[in-house]
1. Straight-line reach only, C-alpha to C-alpha below 18 angstrom: list the lysines that Lys54 could link to, leaving out same-chain residues fewer than 8 apart.
2. For the stretch 1-77, which trypsin sites (Lys or Arg not before Pro) are both in a DSSP coil and crowded by at most 15 other Cβ atoms within 10 Å?
3. Pick from Tyr292, Tyr176, Tyr156: which residue has the top mean-square fluctuation in a GNM of the chain where Cα pairs under 10 Å get a spring?
4. Evaluate E = 1/(1 + (r/R0)^6) for Leu129 and Ser78, where r is the Cβ-Cβ distance and R0 equals 25 Å; express this FRET efficiency to the nearest 0.05.
5. For n ≥ 4 DSSP H runs only, could you compute -39500 (n - 2.57) per run for the chain, divide by its residues and tell me the 222 nm figure to the nearest 500?
6. Per 0.36 nm of contour for each residue apart, how much would the distance between Arg188 and Gln109 grow if the chain were fully extended, relative to their Cα-Cα spacing?
7. Need the full-extension length gain, Arg312 to Asp146, defined as separation in residues times 0.36 nm minus the C-alpha distance. One decimal, nm.
8. List the lysines whose Cα lies under 30 Å from the Cα of Lys313, skipping any in the same chain that are fewer than 8 positions away.
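Each reported figure results from applying straightforward, stated rules to the coordinates on display, with no laboratory input. Because the structure is a prediction, the values reported are computed rather than measured. Quick reminder, even Gly has a Cβ in these numbers, built from the backbone with ideal geometry, and neighbours come from all protein chains shown.
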Amino acid sequence: MSEEPAAVRRDWSLPEVRVIHDLPLTELVFRAQGVHRAHHASAEVQLCTLLSVKTGGCQEDCGYCPQSAHHESRVEPSPMLSVSDVLASARAAKESGASRFCMGAAWRQAKDGPAFERVLEMVRQVRALGLETCVTLGMLDDEQVDALAGAGLTAYNHNLDTSREFYGSVVTTRTYDERLETVGRVQRAGIHVCTGGIIGMGESIDDRCRMLVTLASLEPHPESVPINALVRVPGTPLAGRPPTDPLELVRMIATARILMPHSTVRLSAGRAELTDEAQVLCFLAGANSIFYGDRLLTTGNPDIERDQALLRKAGLSGRPLQQ
Ligand code: SAM
Ligand code: DTB
Ligand code: SF4
């Protein structure tokens, strides 16, 4: 913790962010690492395990997502998991060293009734294990946000995905403002917000920087910021995109770290295609969280043994449980 903490800003302009993003990579990573160690335990990585509790058949048309009913991606809709199945996965995640358990549902918006009640019970019981608990259920109204807060939810994931300008090229069934409204509701209820985006969908570098400007304008800054590299799933409209250059991921992570010094920055989807060296460069650039476990929601992730070996080789350790 050698540097004076930089003042947190919420008024970044696109040109300012673009200058940072485009710095020589060594300079950018050096600066990001300085911010990182001023605010975080520099050898600690948060391990979050993801579980899809309601898979497929989603009404939204998000171009990247295999769970959309609009695409040919052949993720069969499946019934919602039981609370006891979820709890068994959460216990296993805890035993493997995860400190956060994140549950996803392929919903446009959470609907009141038995399914939502079941999610609340999942949150209560996962929380009772001492794990941080996160859910991502689509759009929420005020009552649902309050119910989730009452169940002890730690964080709500709701990604902005990209810039306002590029958003309509990827999703047409909801608006950017609807996304921001849910994020605002969650923040007002005092639940931590986990919000970030995806690179590699055909957006420009300015689009990436605009998304970071918007994320860094939130009050408070998001507690966590997932940076996903597009997983190109056959049958989705974005399946034919070229692979994301890992160094572009490094730039994005470093810029997010500099803009949002206190946030946990998560190196999220896309790790299965990254080498150990590329991942370590992401950690050097300020990433301090990963999804940990053999699967993301419907696609693969490095297995636990590979991640444990990576952390060991790099001399990093999982963030301890905070009781
Ligand atoms: N249905 C809810 C929603 O959209 O908010 C929650 C689940 S949704 C799958 C959560 C996030 O996963 C999306 O916002 C998107 O950022 C990310 N995601 C989905 N498919 C992806 C893909 N193929 N590659 C990278 N990230 C993806
Ligand atoms: C986030 O930013 N990435 C996660 C989590 N939040 C919910 C989801 C990644 C999904 C990748 C594609 C899949 O496995 O279906
Ligand atoms: Fe549905 Fe979420 Fe996938 Fe969009 S990202 S299609 S809202 S599950």
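1. Once the sequence-local lysines are set aside, what remains near Lys54 is Lys111.
2. For trypsin sites (Lys or Arg not before Pro) across the stretch 1-77 that sit outside H, G, I, E and B with at most 15 neighbouring Cβ atoms in 10 Å, the list reads Arg9, Arg10, Arg74.
3. Checking each option, the largest mean-square fluctuation is seen for Tyr176.
4. For R0 = 25 Å, the calculated efficiency reads 0.55.
5. Values: 11 runs with 126 residues, N = 323.
Rounded to the nearest 500, the figure is -12000 deg cm²/dmol.
6. This chain segment gains 26.6 nm when fully extended.
7. Between Arg312 and Asp146, full extension yields 55.7 nm more.
8. Result set, ordered by chain and number: Lys94.
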